[in-house]
Amino acid sequence: MVFLLTAHSVLRWLILLIALVAIVKYLIGWLSNSQFKGMDRGLMSGFSGLMDLQVTLGIILLLWSGFSGAGFSISRILHGVLMIVAAVVAHLSARWKNVDDKTHFQSNLFIVVGSLVLVAIGIAVLSMG
């Protein structure tokens, strides 16, 4: 279980790095009216895929530690729910796949920021418990 907890802890930094790169790239693309290209799609796919992996590791950790004695505190459950919602938000970019480039950059920017806000709230909930 230590390996899973370490992987879960390290993966958050990779997610944050990808998110920061995506935020800068999407903001520049939106403000400069750039063309939405493969790298931009790749950033969003990478971000949402890593969010999925993080949620999967988190669910395994929650269940494993919960059934082996740590229990299922409300803060851990709320953390899990918020992180699942954050991962779902990360996938909302598919709704804007047929829009103009400026709207694509704008929507992806707000999706990444929205996911990060939910993650921050989820971490705060976990630290309260």
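Quick note: the coordinates plus some simple rules give every number you see, no bench work behind them. Since the structure is predicted, the reported quantities are computational estimates derived from the model, not experimental observations.
Miscellaneous remarks
- Sequence-distant contacts, meaning Cα pairs under 8 Å at least 6 residues apart, place the relative contact order of the chain at 35 percent.
- Angle between the chain longest axis and helix 74-90 axis [Cα atoms, degrees, rounded to 10]: 20
- Degrees between helix 101-128 axis and first principal axis of the chain (Cα, 0 to 90, nearest 10): 20
- Given the alternatives [x] 15.8; [y] 15.4; [z] 14.8, Kirkwood radius over Cα pairs in Å as computed for this entry is given by [y].
- Computed [θ] at 222 nm, deg cm²/dmol, the chain (DSSP H ≥ 4; -39,500 (n - 2.57); rounded to nearest 500): -28500 deg cm²/dmol
- The chain: most fluctuating residue of Val119, Val81, Val89 per GNM, C-alpha cutoff 10 Å: Val81
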